[in-house]
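**Student:** The structure is given below, and queries will be raised subsequently.
The values are calculated or read from the model by the stated rules, or taken from the named source; none is laboratory data. Being a predicted model, the structure only gives us computed values, none of them experimental. Positions of Cβ are generated from backbone atoms using ideal geometry, with glycine treated the same way; all protein chains shown enter the neighbour counts. Surface areas here come from the heavy atoms of the whole protein model, side chains and all, with no ligands, DNA or RNA. Shrake-Rupley method; radii C 1.70, N 1.55, O 1.52, S 1.80 Å.
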Amino acid sequence: MKRRKAPPLYLARLLLVLTLLILLELAIRIGLINRFFVVLPSELIPQVLRDLVDREFLTLVGITFYETAAAFLFASVVGVGIGYLLWRSRRLGVAYEPLIAGLFASPIILLYPIFLVIFGRTPLAIIAQGAIFGVLPVILFTRQAFAGVSPTLLKVAASMNLSTRDRFRYILLPAAAPTIFTGLRLGLTYILIGVVAMEYIVQIGGLGKLVAETSLRLSTDELYSGITLVVAISVLFIYLTQRVENAVRR
Amino acid sequence: MNQSLKIQLGTIILVLALWEVLGRSGLILREIFPPFSEVMTSLVELLASNDMWLHIIVSAYEIGWGFAIGCALALLVGAPLGTSDYLYRLFDPLFYYLGAIPKIILLPIFILTLGVGVESKIGIAALSAFFPIAVNTALAVREVKPIFVRAARSLGASRGQIYSKIYLPSTFGAVLSGMRLGLGVAITGALLAETSVAQAGLGFRAIEFYAQFRVAEMYALIFLIFIFALLLNAALARLIQWTNRYQIGGDGRAPFS
Amino acid sequence: MQSGAAQTTAEGKTLLKIQDLSFRYPGESADELGILALEGIEVDVREGEFVSIVGPSGCGKSTLLSVVGGLVSGFEGSVSIRGEEVRKPHPDIGVVFQEDSTFPWRNALRNVEFGLELRGVPKEERRRRAQEILRLFGLEGFEQRFPGHLSGGMKQRVAIARTLVLEPEILLMDEPFGALDEQTRIILGEELLRIQQELRQTVLFITHNIQESIMLSDRVVILSARPGRIKAVMDVDFPRPRDSTLISSTHFAELVGKIWAVLRDESLKAFGQDSQKKEANNA
Ligand SMILES: Nc1ncnc2c1ncn2[C@@H]1O[C@H](COP(=O)(O)OP(=O)(O)OP(=O)(O)O)[C@@H](O)[C@H]1O
Ligand SMILES: [Mg+2]
């Protein structure tokens, strides 16, 4: 048995981060780094704590999550559906897989002015783009999930004389579910990243807008605090989705 | 012609035709959704115009430098991480989570420190490229089998020769995969940053068209960027396939953008 | 049966001398003692001789090879070739490993050229020598194939050729046919015999296959269960050239019986060590 979460490693990570912060603090204090560019960690932390309980901040978090959830809803329903159909029709699946994979690897976020033109500067533009972002991995993983169901399992199903519906419900779906979940998690992560990035660029909505606004106010404290919060929330979010996936897959 | 190709081409033609018909039908405002033919006309005009090349050069400059800096840093950091199990496990979660955040929100810091010119875009591009390359490099070095190093040593390889004749060739494909991902996100990062605050560059030009409501030109430019990125990505994928031709399924781990 | 230093009837000068060799793998922490893998090993290998080392699984055979190959440090006792101490990989000692060690990013020819390349041999000559030895191993026509497209037996032949092309004085081989099926194993064994006789190559051969050790060797050294000590040494006096028909002779069967009698107890001990370890792990 491998001990995965060995405490020394955690301690080392903590020490590493602390050391970096202290070094940064020192570098700023002795003037190695200009105070105008980088905020002192000792001043940043209270600022972050103040912003964290701020009502406006919580509203912005709510908006980002709302947009992410809406986009995810679309991406998961449509993505799983299309993925399933692409598996059912092998010909279409084989033909579309590389197209979708190509799109997935392309800079979709650069299309945002088009979304702005079509939907206006509204959260709808962000949701629509987020949905496109997220739907691609869901499609790819769903198709793969069904295609990866072992032939033996299908033979077992055939030998049991199950109806098509039961075959789907009791054999296919449970076998494909883990991989589909991976796709959903990836989709969700991509949506969050896309939503925050879009919010920042077009300055509407939640967390991304927070950073954009603080950057305009020329207040270094607030800017760094905003960025720290967004990074922290993204990291927490990714961590939690990973945990959920692990729990569900087990 | 094989069937998949037929379906693919058919789909693309269908989508473009639909675009054209929808654009002409008047169901959607033409100002919002110009037909494909109009976009193509704009594209030709765009490519013929003089200042277009200025923007292309500015963007290429940012992406080139950003990618080069990101690459160099990633190799310097990634390779040593791969050689030590402890260091790798120490840093892996850090890289995993930091690599996943939307890096564009760090743009204000780059603007604060490097200004609104090309330098801040280079910074974003470098930062974006850094993570996938570093992660893939560390992973590739980690996966070099110790038996290869033992065999090379017993055949008389010096330390330097072990690096150049074992580590380099056996990590090459995976590092290249990382570079492909890195270049992709560097392009995205730089152009996205240009749309936010800039004085020149393709992203800047696209958002300028948007502000001036020259929609057909905006579509044309975005279309051009998109196709270019898609082709570049596909070409690099081919190249990587070729370098990995001796092994079965040799692709790096794909982290987030 | 004799124990201690391995004497032999074969003529020729001593090439490799292993004296009172002990090796301990360091423990996880400083206060742990670690695993004693080898203790008091004494073997002399003369020029042109083929010596086999047999022993139960986990008794330290691969460790012995790493030490003699100069790939590990921190052992007690001494290893010398022609009186020269071995502390790091020595150009006169060639090693063939237990696991597949062919470089997957080089084709067969360039795998064999590897060591020559390191030594700065000009390209033309490198190519010629590599091709020549590949022919000797029956791999003509497979020069351009990458290991991923070669069978296990072919890969192992490439690995042996890669070492032999450097013309080492002594060839160390660690169960080179261990991962192969029985037929391939016998065929490659015969091939090795043929090549060994052709080149008058000195070989120190590690195996846990008794038949194989008798087929190939002038002398068989039997190791005890961990820590590996010399349990017995047996001379094999079949005339050369030999071939696989030897296996059906009564003398052959006698020798197998004798070696097996020594090895059986040790193998049982080794098995016991393993199950004890398992219990300790489960506790
Ligand atoms: N790197 C290592 N660190 C600690 N112990 C080791 C190491 N390598 C081997 N050992 C231990 O040393 C002993 C001898 O190992 P070795 O590989 O030499 O055995 P072997 O005789 O070659 O076995 P086999 O026939 O299975 O190849 C074993 O008990 C093994 O558990
Ligand atoms: Mg061994």
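**Student:** Out of (1) open to solvent by less than 50 Å² (accessible area, probe 1.4 Å); (2) without any contact (Cβ under 8 Å) to a residue 40 or more places away in the chain; (3) in contact with an Asp or Glu (Cβ under 8 Å, 6 or more places away or on another chain), the odd one out for residue A:39 is which?
**Tutor:** (2)
**Student:** Let me ask you something else. Scan C:226, C:194, C:200, C:157 and give me the residue that is among the charged types (D, E, K, R), open to solvent by 20 Å² or more (accessible area, probe 1.4 Å), away from chain B (no Cβ under 14 Å) and within 16 Å of ligand 2 (Cβ to nearest atom).
**Tutor:** C:226
**Student:** Moving to a separate point now. Got a sec? Which of A:215, A:225 is in contact with a Leu (Cβ under 9 Å, 6 or more places away or on another chain), assigned to a helix (DSSP H, G or I), within 14 Å of chain B (Cβ to nearest Cβ) and open to solvent by 20 Å² or more (accessible area, probe 1.4 Å)?
**Tutor:** A:215 is the lone residue from the list that is in contact with a Leu (Cβ under 9 Å, 6 or more places away or on another chain), assigned to a helix (DSSP H, G or I), within 14 Å of chain B (Cβ to nearest Cβ) and open to solvent by 20 Å² or more (accessible area, probe 1.4 Å).
**Student:** Now, a different point. Considering only the stretch A:1-36, how many residues are open to solvent by 60 Å² or more (accessible area, probe 1.4 Å), modelled with pLDDT under 80 and more than 18 Å from residue A:220 (Cβ to Cβ)?
**Tutor:** Number of matching residues: 7.
**Student:** Do you know which of the residues in the stretch C:25-55 that are open to solvent by less than 60 Å² (accessible area, probe 1.4 Å) and of a type in the set (Gly, Ala, Ser) is modelled with the highest pLDDT?
**Tutor:** C:52
**Student:** So residue C:70 passes all but one of these: (1) crowded, with 21+ Cβ neighbours inside 10 Å; (2) facing chain B (nearest Cβ under 8 Å). Which condition number does it fail?
**Tutor:** Of (1) crowded, with 21+ Cβ neighbours inside 10 Å; (2) facing chain B (nearest Cβ under 8 Å), only one is false for residue C:70: (1).
**Student:** Still on this structure, I have one more. Which one of these does residue C:230 not meet: (1) at pLDDT 85 or above; (2) touching a helix residue (DSSP H, G or I) at 6+ places or on another chain (Cβ under 9 Å)?
**Tutor:** In the conditions (1) at pLDDT 85 or above; (2) touching a helix residue (DSSP H, G or I) at 6+ places or on another chain (Cβ under 9 Å), residue C:230 misses (2) alone.
**Student:** Which one of these is of a type outside the set (Val, Ile, Thr), open to solvent by 20 Å² or more (accessible area, probe 1.4 Å) and modelled with pLDDT of 90 or more: C:181, C:174, C:218?
**Tutor:** Going through C:181, C:174, C:218 in turn, just one is of a type outside the set (Val, Ile, Thr), open to solvent by 20 Å² or more (accessible area, probe 1.4 Å) and modelled with pLDDT of 90 or more: C:218.
**Student:** A further question follows. State all residues of the stretch B:150-186 that are within 22 Å of residue C:168 (Cβ to Cβ) and open to solvent by less than 30 Å² (accessible area, probe 1.4 Å); if no residue qualifies, say none.
**Tutor:** B:151, B:152, B:154, B:155, B:157, B:162, B:166
**Student:** Name the single residue that is farthest from ligand 1 (Cβ to nearest atom) among those in the stretch C:56-66 being farther than 12 Å from residue C:174 by Cβ and either among the β-branched types (Val, Ile, Thr) or open to solvent by less than 20 Å² (accessible area, probe 1.4 Å) (or both).
**Tutor:** C:56
**Student:** Looking only at the stretch B:59-106, which residues are farther than 30 Å from residue B:195 by Cα and more than 14 Å from chain A (Cβ to nearest Cβ)?
**Tutor:** B:76, B:78, B:79, B:80, B:82, B:83 - these are the residues of the stretch B:59-106 that are farther than 30 Å from residue B:195 by Cα and more than 14 Å from chain A (Cβ to nearest Cβ).
**Student:** Counting residues that are closer than 21 Å to residue B:131 by Cβ, which helices (runs of 4 or more DSSP H) fully inside the stretch B:1-104 reach at least 3?
**Tutor:** The qualifying helices (runs of 4 or more DSSP H) are B:50-83, B:85-100.
**Student:** Go through the stretch C:107-131 and count every residue that is at the interface with chain B (Cβ under 8 Å from one of its Cβ atoms) and either open to solvent by 10 Å² or more (accessible area, probe 1.4 Å) or of a type in the set (A, V, I, L, M) (or both).
**Tutor:** Adding up the residues that qualify gives 4.
**Student:** Of the residues that make up the stretch B:197-206, is at least one at the interface with another protein chain (Cβ under 8 Å from one of its Cβ atoms) and open to solvent by 20 Å² or more (accessible area, probe 1.4 Å)?
**Tutor:** Checked against the condition, which is being at the interface with another protein chain (Cβ under 8 Å from one of its Cβ atoms) and open to solvent by 20 Å² or more (accessible area, probe 1.4 Å), the stretch B:197-206 yields no hits at all.
**Student:** Let me ask another. Do we find a residue being in contact with a Cys (Cβ under 8 Å, 6 or more places away or on another chain), within 20 Å of residue A:193 (Cα to Cα) and more than 10 Å from every other protein chain (Cβ to nearest Cβ) anywhere in the stretch B:121-129?
**Tutor:** Yes, because at least one residue in the stretch B:121-129 is in contact with a Cys (Cβ under 8 Å, 6 or more places away or on another chain), within 20 Å of residue A:193 (Cα to Cα) and more than 10 Å from every other protein chain (Cβ to nearest Cβ).
**Student:** Looking at (1) more than 14 Å from chain B (Cβ to nearest Cβ); (2) touching a helix residue (DSSP H, G or I) at 6+ places or on another chain (Cβ under 7 Å); (3) within 16 Å of ligand 2 (Cβ to nearest atom), find the lone condition where residue C:25 falls short.
**Tutor:** Unmet condition: (2).
**Student:** Considering only residues that are more than 9 Å from the chain's Cα centre (by Cα) and not hydrophobic (A, V, I, L, M, F, W, C), look in the stretch C:42-55 and name the one that is nearest to ligand 1 (Cβ to nearest atom).
**Tutor:** Per the stated criteria, the residue is C:55.
**Student:** Would you kindly identify the helices (runs of 4 or more DSSP H) lying entirely within the stretch A:100-175 that contain at least 3 residues that are more than 11 Å from chain B (Cβ to nearest Cβ)?
**Tutor:** A:123-147, A:151-159
**Student:** Taking the stretch C:212-269 as the search range and keeping residues that are assigned to a helix (DSSP H, G or I) and acidic (Asp, Glu), which one is farthest from residue C:195 (Cα to Cα)?
**Tutor:** The extreme case among them is C:265.
**Student:** Here is a further query. Residues of the stretch A:51-65 being surrounded by fewer than 18 Cβ atoms within 10 Å (Cβ to Cβ) and in contact with a helix residue (DSSP H, G or I) (Cβ under 8 Å, 6 or more places away or on another chain), which ones?
**Tutor:** Scanning the stretch A:51-65 gives A:52, A:61.
**Student:** Okay, next question. Among the numbered criteria (1) open to solvent by less than 60 Å² (accessible area, probe 1.4 Å); (2) at pLDDT 90 or above; (3) at the interface with another protein chain (Cβ under 9 Å from one of its Cβ atoms); (4) over 17 Å from the mean Cα position of the chain (by Cα), which one does residue C:134 miss?
**Tutor:** The single condition residue C:134 does not satisfy is (3).
**Student:** Let me ask something else. Out of the stretch C:168-187, which residues are away from ligand 1 (no atom under 16 Å from the Cβ) and out of contact with any helix residue (DSSP H, G or I) (no Cβ under 6 Å at 6 or more places or on another chain)?
**Tutor:** Within the stretch C:168-187, C:168, C:169, C:170, C:171, C:181, C:182, C:183, C:187 qualify.
**Student:** Still on this structure, I have one more. Of all residues in the stretch B:70-110, which are open to solvent by less than 40 Å² (accessible area, probe 1.4 Å) and β-branched (Val, Ile, Thr)?
**Tutor:** If the condition is that a residue be open to solvent by less than 40 Å² (accessible area, probe 1.4 Å) and β-branched (Val, Ile, Thr), then B:101, B:104, B:105, B:109 are the ones that fit.
**Student:** Something else about it: Where in the stretch C:24-138 are there strands (runs of 3 or more DSSP E), lying wholly inside it, with at least 2 residues that are hydroxyl-bearing (Ser, Thr, Tyr) and not assigned by TED's automatic domain parsing to the domain that holds residue C:152?
**Tutor:** Answer list for the stretch C:24-138: C:76-81.
**Student:** Could you tell me whether residue A:230 is crowded, with 20+ Cβ neighbours inside 10 Å and within 8 Å of chain B (Cβ to nearest Cβ)?
**Tutor:** Taking the combined requirement at face value, the residue satisfies it.
**Student:** Now for a different question. Considering (1) open to solvent by less than 40 Å² (accessible area, probe 1.4 Å); (2) part of a helix (DSSP H, G or I); (3) among the β-branched types (Val, Ile, Thr), say which one residue B:113 fails and leave the rest.
**Tutor:** So residue B:113 meets the others, but not (1).
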